[in-house]
2 protein chains.
Amino acid sequence: MKKKSLLIVCDGLGDRPVNGVTPLEAAYTPNMDKMASEGICGLMDTVLMGVRPGSDTAHLSLFGYNPFKYYAGRGPFEAAGVGLTLKKGDVAFRCNFASIKDDKIVDRRAGREEEGLSELSREINNIKIEGIELIYKKAAGHRAVLVLKGEDLSSNVSDTDPEGEAIGYNKSKPLDDSAQAAKTADILNEFTQKAIKLLAEHEVNKKRTQKNKLPANIILARGVGMKASIPSIKERLGISAACISATTLIKGVAREVGMDLIEVEGASGHVDSNIKAKMRATIKALKKYDFVFLHLKGTDEASHDGDFESKKNMLERIDVEVIGPILNDVKDCTIALTGDHSTPISIRQHSADPVPIVIVGDVREDKVKKFTERECAGGGLNRIRGLYLLNIMLDISDRVKLYGA
Amino acid sequence: MKKKSLLIVCDGLGDRPVNGVTPLEAAYTPNMDKMASEGICGLMDTVLMGVRPGSDTAHLSLFGYNPFKYYAGRGPFEAAGVGLTLKKGDVAFRCNFASIKDDKIVDRRAGREEEGLSELSREINNIKIEGIELIYKKAAGHRAVLVLKGEDLSSNVSDTDPEGEAIGYNKSKPLDDSAQAAKTADILNEFTQKAIKLLAEHEVNKKRTQKNKLPANIILARGVGMKASIPSIKERLGISAACISATTLIKGVAREVGMDLIEVEGASGHVDSNIKAKMRATIKALKKYDFVFLHLKGTDEASHDGDFESKKNMLERIDVEVIGPILNDVKDCTIALTGDHSTPISIRQHSADPVPIVIVGDVREDKVKKFTERECAGGGLNRIRGLYLLNIMLDISDRVKLYGA
């Protein structure tokens, strides 16, 4: 019997021991442990052993797309995440509104102050550059996306974001000898100059300055990427799929592979996110879609902050507010719980340590009783690669075709 | 915090049980067991499951180079190991001085007798063949390296070494229809004839014969390979790296991937090697280099001799003379202990059995308490591939970049 499939990803889930225990080991998670007891456990390298996954490459892989083939920079995923539809050959950048004074960046995020940025974004979107179409769209907070649409563009150009403060911004340079790279760098530099001019005397910035807020008087671009050709998950696997996430980048990756995005009120991607609402949206979505992907970001945020207690608490909230109700309400569904990568508290950044995974459904239950990194290492899945997870789940849900005869 | 990385390889470490125990299980190795207790353990296929690794392909893999992409025969690595710098397209062979009588090889190694071989090698190096440059350089014992430098050469030619005795030597033949292969086989045959002529009446051989030693009156070539283009470890991973080994071939592989070679007095590659001196050189090298590779050959020698006790003793010497002091003296370093392949006593040759591995550092310590093939099979790493080991170590040492964003 064909079943539904649900993939629950706690961002940055995996960790290394701090004083002998990981946050997952320290947390009280009876519902996750119930999954471990009833399911099959293991370790998973989302991209490849020894590779530190970014959020984009990790999720591409989890959706069954080899990032070494399909990943061409973050920009197009960010653009997709704010709802833009790109064509093959379009070039996209992640942008920040920033503050500059005397040719030095004083704040790369314009004080994280949103006032007036929607208005500024609309006007910047109207900047004209000969020979191409330009789209500028505001994202969360001080962030935005810049898309260049036209002939003969290249993603082989350098950033303008210096990725630091008290220094100047960079002029974009072509990174190869092609006319396309030279043209694209020129366009990005022309855009930067025109934006500086537009922002310099703008009413929004006058008001911000009067209120002792930093002006948003420059746009810094990075994460360049060219829109690649990606077949949809429906084409490849014949399933309908939906994504529930509050993170622009993850929504972008999901949208690019053809998943429907389900927006949830109060879902913020932070530790205070309304994850109960996401849980309810997930249960509802499973009535309609063959495959639902639920993304919970708070665990990663706590990890990047190096906050053991916050990560532990987030895991306990997920256990009681998400996992418990789902185990209770969802039937005839293959459910996998895992992470997109490890983000050890000890290093506050992504690592290549494999993540624990448990799958419940029509599986060979193993002896693992607790959902932790180290208990899962002894599970029946052994160590799997993220790229194959969706196929493994769809196999259990009886939704894959025979390869061969 | 960025840390140093140390990879310790006991050549031919892995084994199969003899009367129920492997040499590693039989040996008293408290320091290796301490590593197991404090670290994360597993099994490793250095090249690929079911593939019997040579020393060259195994080490290429351990240094992060896929041998299926980068391996093009042993000759160029032997040449690099004796300090020769090859250019792309150069062809190299491993050579033996051998003894021939009445067109039959009587000893493939000229009685393993070194007398006069340096002088002979210098003269053979002066042999001229039209259209190419020829280099002949003595290596350890009766061994040497032949390099052909020139246009339009090929490595697709057969050996002259019959790999047996009481039979004649082989004429090299082209193994495809190309002009390059025909030319290279002709050159090797011309070289062989000129060498026979030079050696036949040489004073060195007269002296050897007078002393009842076998003459070195023919050169046998095998292990042909063409120099491939290999990016350096520094280019690929951004780390400085050093190799401590007494084995020409391993030094050659390390040199070809851009590692510095550290020579150690008394290091012989045999069971009587001065491994304490290698241990001291390793500790010193870690002050300078990001990554140090320490190679200990004696375990493999004992395995090829089918000598269980000798392998066990060598492991006990390594435990007390190398592992103990290193654990004591080296701080803030990711340390891995493993083998390049198994060489079971029962078969006296390399096998595809995975090797045990332990890594200590900022890792998820597992429950394994003893460093053996069978205990490591239950470790937290599960089963990894050698190609990914260096990345895994560099991830723990915080020296890898994020893939994606």
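The values are calculated or read from the model by the stated rules, or taken from the named source; none is laboratory data. Not measured: the values here are computed from a predicted model. Reconstructed Cβ throughout: ideal geometry from the backbone, glycine too, with neighbour counts over all protein chains shown. Note: areas computed on protein heavy atoms with side chains; ligands, DNA, RNA excluded. Shrake-Rupley method; radii C 1.70, N 1.55, O 1.52, S 1.80 Å.
Observations
- Where GluC sites (Glu not before Pro) fall in DSSP loop in the stretch A:101-141, at most 16 other Cβ within 10 Å: A:GLU114, A:GLU115, A:GLU130
- Contact with the other protein chains removes 40 Å² or more of accessible area, compared with the isolated chain and a 1.4 Å probe, from these residues of the stretch B:353-396: B:ASP362, B:ARG364, B:GLU365, B:ASN382, B:TYR388, B:ASP395.
- Size estimate for the protein assembly as shown follows the Kirkwood approach: the inverse of mean 1/r over distinct Cα pairs works out to 29.9 Å.
- Estimated from helices alone, the mean residue ellipticity of the protein assembly as shown at 222 nm is -9000 deg cm²/dmol (sum of -39500 (n - 2.57) over DSSP H runs with n ≥ 4, per residue).
- Contact order, relative form, for chain A: 34 percent (alpha carbon pairs under 8 Å, 6 or more residues apart, mean separation divided by residue count).
- Dipole magnitude of the protein assembly as shown, debye to nearest 20 (Cβ charges: Lys/Arg +1, Asp/Glu -1, about Cα centre): 700 debye
- Quotient of Cα Rg and 2.2 N^0.38 Å for the stretch B:216-258, N being how many residues it contains: 1.56
- The rotation axis bringing chain B onto chain A passes closest to the chain B residue reported with its distance as B:ASN382, 3, by C-beta distance in whole Å.
- Convex hull (Cα only) mean projected area of the stretch A:1-142, reported in nm² to one decimal: 15.4 nm²
- For the stretch B:322-405, the equivalent ellipsoid built from the Cα gyration tensor has semi-axes of 24, 17, 13 Å, listed from largest to smallest.
- Exam field: A:GLU165 pseudo-label spacings to other copies (7 Å along Cα-Cβ), nanometres: 7.8
- Per-residue HN-Hα couplings for the stretch A:300-309 [Karplus 6.51, -1.76, 1.60; θ = phi - 60°; Hz; x = Gly/Pro]: 6, 4, 4, 5, 5, 7, x, 9, 4, 4
- q = 0.07, 0.09, 0.10 Å⁻¹, chain B: log10 I(q)/I(0) [Debye, one scatterer per Cα]: -0.35, -0.57, -0.70
- The distance linking the stretch B:47-99 with the stretch A:78-157 is 50 Å (Cα centroid to Cα centroid, whole angstrom).
- Accessible area of the protein assembly as shown belonging to carbon and sulfur atoms, whole % at 1.4 Å probe: 47 percent
- Using the Stokes-Einstein relation with a Kirkwood hydrodynamic radius computed over Cα pairs, the translational diffusion coefficient of the stretch A:179-306 at 25 °C and a viscosity of 0.890 mPa s comes to 134 µm²/s.
- In chain B, taking the dipole from charged Cβ atoms about the Cα centre, the farthest positive-side position among B:VAL145, B:LEU6, B:SER240 is held by B:SER240.
- Accessible area that becomes buried as A packs against B, both chains, 1.4 Å probe, Å², nearest 100: 2300 Å²
- Neighbour-limited loop hits for GluC sites (Glu not before Pro), the stretch A:231-337 (at most 14 other Cβ within 10 Å; DSSP other than H, G, I, E, B): A:GLU263, A:GLU265
- Which of B:ALA166, B:GLY131, B:GLY89, positive extreme of dipole for the stretch B:79-226 (C-beta unit charges): B:ALA166
- For the stretch A:1-107, the list of trypsin sites (Lys or Arg not before Pro) that fall in a loop by DSSP and count at most 16 other C-beta atoms within 10 angstrom reads A:LYS2, A:LYS87, A:LYS88.
- The mean accessible area for residues of the stretch A:79-226, using a 1.4 Å probe and ignoring ligands and nucleic acids, is 48 Å² per residue.
- List of the stretch A:47-94 residues, accessible area with partners at least 20 Å² below that of the chain alone (1.4 Å probe): A:LEU48, A:MET49, A:GLY50, A:VAL51, A:ARG52, A:GLY54, A:THR57, A:PHE68, A:TYR71, A:ARG74
- Across chain A: Cys residues that no other cysteine approaches within a C-beta distance under 4.7 Å: A:CYS10, A:CYS95, A:CYS243, A:CYS333
- Two-site FRET efficiency, A:LYS194 against A:ALA166, from Cβ-Cβ distance with R₀ of 22 Å, rounded to 0.05: 0.30
- Couplings 3J(HN,Hα) for the stretch B:174-182, derived from phi with the Karplus relation 6.51 cos²θ - 1.76 cosθ + 1.60 (θ = phi - 60°), are x, 9, 8, 8, 6, 5, 4, 5, 4 Hz, where x marks Gly and Pro.
- With a cut-off of 10 Å between beta carbons, the residues surrounding A:LYS183 carry a summed charge of -3, where Lys and Arg count +1 and Asp and Glu -1.
- Summary for A:GLU309: label point 7 Å along Cα→Cβ; distances to the equivalent points in the other copies, ascending, 6.3 nm.
- Distant-in-sequence amide contacts of A:THR334, defined by a placed amide H-H separation under 5 Å and a gap of 5 or more residues or a different chain, comprise A:LYS4, A:SER5, A:LEU6.
- Square roots of five times the Cα gyration tensor eigenvalues for the stretch B:79-226, Å: 25, 16, 13
- Look at where the Cα atoms of the stretch B:5-20 and of the stretch A:286-353 average out, and the two centres are 39 Å apart.
- Calculated FRET value between A:LYS104 and B:SER268, using beta carbons and R₀ = 56 Å, to 0.05: 0.40
- Counting only Cβ charges, +1 for Lys and Arg and -1 for Asp and Glu, the dipole size of the stretch B:98-199 around its Cα centre is about 240 debye.
- Placing a label point 7 Å from the Cα of B:GLU190 along the Cα-to-Cβ direction, the distances to the matching points in the other copies come to 6.2 nm, shortest first.
- Divide the volume of the convex hull around the Cα atoms of the stretch B:33-88 by the residue count and you get 130 Å³ per residue.
- Applying 1/(1 + (r/R0)^6) with r as the Cβ-Cβ distance of B:LYS369 and B:SER240 and R0 = 35 angstrom yields a FRET efficiency of 0.50.
- All Cα pairs of the stretch A:246-405, percent lying beyond 25 Å: 34 percent
- Proximity of backbone amide H atoms, modeled 1.01 Å from N, is registered between B:VAL400 and no other residue at under 5 Å, excluding neighbours fewer than 5 places apart on the same chain.
- Check: chain B dipole with +1 on Lys, Arg Cβ and -1 on Asp, Glu Cβ, in debye: 620 debye
- With one equal scatterer per alpha carbon and no solvent term, the Debye-computed log10 I(q)/I(0) for the stretch A:126-178 at 0.21, 0.30 1/Å reads -1.06, -1.17.
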